[in-house]
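The values are calculated or read from the model by the stated rules, or taken from the named source; none is laboratory data. Nothing here was measured: the structure is a model prediction, and the numbers come from that model. Positions of Cβ are generated from backbone atoms using ideal geometry, with glycine treated the same way; all protein chains shown enter the neighbour counts.
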Amino acid sequence: MKTSATARLWICLLATIAVIAAGLGAGLSTASAAPSGLGLFKWHGHQVCTTTPAPGHAACHAEILVNSQGTALASATPPATALTAGQLENAYKLTGLTSGGRTIAIVDAYGYPNLERDLGVFRAQFGLPACTKANGCLRILNQSGGAPNALSPAFNAGWGGEQALDVQAVSAACPDCKIVMVEANNTSFASLGAAENTAAKQPGVVAISNSYGGGDSSDATYSKFYNHPGIAVTASTGDDGYQGASYPASSQYVTAVGGTTLVADISARGWSESVWSGAGSGCSTVNAALAAAAPFSTGCAKRAMADVAAAADPAKGGLAVYYPTSRSASTWGQIGGTSEAAPIIAAVYALSGNTTGYANALPYAHPGNLFDVTTGSNGTCPTVQWCTARAGWDGPTGLGTPNGASGF
């Protein structure tokens, strides 16, 4: 009996779905952000690191795209739904900008033995110049400034995914920037802080990216790690929506970076942005407010976060990342979170060449040179701008997102 054309179409469709499902990566656990409804599997973000850090410790803010069964979007090639390096540059009008070889440091926890190899895969995929130890573009240090070895710091798959996202997001936004990765021994603020100070001492470093956080903490305790005038220190605000402050983003010495949903459209810009529902925002209860933010009606008596923002929604704006699934194996996936946004902003500071004094004041002097995000919300809050976008400053996206480098 002959099969009808309609039946054949359904058979092909079901077979295709089965192949896609079978090719997805290893299973992950419960999701931390609301489903985004991407395709039949209700794709959404899942945090790659511990979601509830112990006191005095931090969790990374990377979110990998998973389906409703907790299975990661993984493939031999960059996911078709993921943001490419070229698209990221286009969205933020960075195409053609160069830093003159300025250096960005990145601080994360644990080891990642194949960082250089995986970064090479990413950069080759998107036609970016090689960034290796041999050509002087890449350095990898432990928290004391020495070279990591095969066993120290210990490998951790979640933080390996965070490191992959960080070095690849910097590469996408600033292809000619040099990169220094400083790997802390563990997730304690003592170790991460030691790594931060090591990063600040490296020759030529103009920005340090931090894609992690813990609860609101005091600068009286930790500013010895994050107070580096003349270096743009960026920190992600977290992935749990409006929840109060997260340190180090709540420090008066850093640029707090929130997150957006980024979608290609037919506007003159070619892209539209709204608040990503997971973007962290809130008011510190312990750290001083930024003097530069005073004219912008934050509503916070003390430090308000965020200052600026960039793409963070893992489903709509998540970057194509070549990341480790084990100590020896890696794959392509789609990763976002405010961990994506923090290194993007660090790269824009490097492109601007302007990091004098405390760099978090610079966007407040040039708000008209940013893309203002005026739609979306990340929860409910007692003061509307702490969780809901509006014209001007708001908690989830700060003053807005990069429109070239002139806002920094």
query = Does segment 210-239 hold any residues that are among the charged types (D, E, K, R) and buried (at least 23 other Cβ atoms within 10 Å of the Cβ), and which are they?
reply = Asp239
message = For segment 362-381, which positions are of a type outside the set (A, V, I, L, M, F, W, C) and either at pLDDT below 95 or touching an Asp or Glu at 6+ places or on another chain (Cβ under 7 Å) (or both)?
response = Pro363
request  = Test each condition in (1) of a type in the set (Phe, Trp, Tyr); (2) under 28 Å from Ala184 (Cβ atoms); (3) modelled with pLDDT under 95 for Tyr112 and report the one that comes out false.
outcome  = (3)
message = I'd like the full set of residues that are within 18 Å of the chain's Cα centre (by Cα) and among the acidic types (Asp, Glu), limited to segment 250-308.
response = Glu273, Asp307
Which listed residue is under 20 Å from Ala173 (Cβ atoms) and polar (S, T, N, Q), from Asn90, Asn67 = Asn90
remark   = Within segment 242-253, residues being over 15 Å from Ala199 (Cβ atoms), buried (at least 23 other Cβ atoms within 10 Å of the Cβ) and not hydroxyl-bearing (Ser, Thr, Tyr) number 2
ask   = Hey, among Ala105, Ala62, Ala130, which residue is small (Gly, Ala, Ser) and either in contact with an Asp or Glu (Cβ under 8 Å, 6 or more places away or on another chain) or over 18 Å from Ala169 (Cβ atoms) (or both)?
value = Ala62
task = Name every residue in segment 269-315 that is surrounded by fewer than 24 Cβ atoms within 10 Å (Cβ to Cβ) and of a type in the set (Phe, Trp, Tyr), in order of residue number.
result = Trp271, Phe296
key: Residue pairs meeting the criteria (Cβ under 7 Å; at least 6 apart or on separate chains; first closer than 15 Å to Gly400 by Cβ and part of a loop (DSSP other than H, G, I, E, B), in segment 286-315; second at pLDDT 95 or above and of a type in the set (Ser, Thr, Tyr))   = Ala306/Thr237; Ala306/Ser281; Ala306/Thr397; Asp307/Thr255; Ala312/Thr260; Ala312/Thr338
task = Only strands (runs of 3 or more DSSP E) wholly contained in segment 163-261 count here; list those with 2 or more residues that are out of contact with any helix residue (DSSP H, G or I) (no Cβ under 8 Å at 6 or more places or on another chain).
result = 212-215
request  = Return the residue satisfying two criteria in turn: it lies in segment 153-177 and is surrounded by 23 or more Cβ atoms within 10 Å (Cβ to Cβ) and among the charged types (D, E, K, R), and of such residues it is nearest to Ala105 (Cα to Cα).
outcome  = Asp166
ask   = Filter segment 316-330 for residues that are among the hydroxyl-bearing types (Ser, Thr, Tyr) and not in a strand (DSSP E or B); which is farthest from the chain's Cα centre (by Cα)?
value = Ser328
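Yes/no per residue for (1) touching a residue at least 12 places away in the same chain (Cβ under 8 Å); (2) more than 19 Å from the chain's Cα centre (by Cα); (3) over 30 Å from Gly404 (Cβ atoms):
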| position | (1), (2), (3) |
| --- | --- |
| Ala124 | no, yes, no |
| Lys133 | yes, yes, yes |
| Ala147 | no, yes, yes |
| Ser152 | yes, yes, yes |
| Ala184 | yes, no, yes |
query = buried (at least 23 other Cβ atoms within 10 Å of the Cβ) and of a type outside the set (Asp, Glu), is that true of Gly193?
reply = no
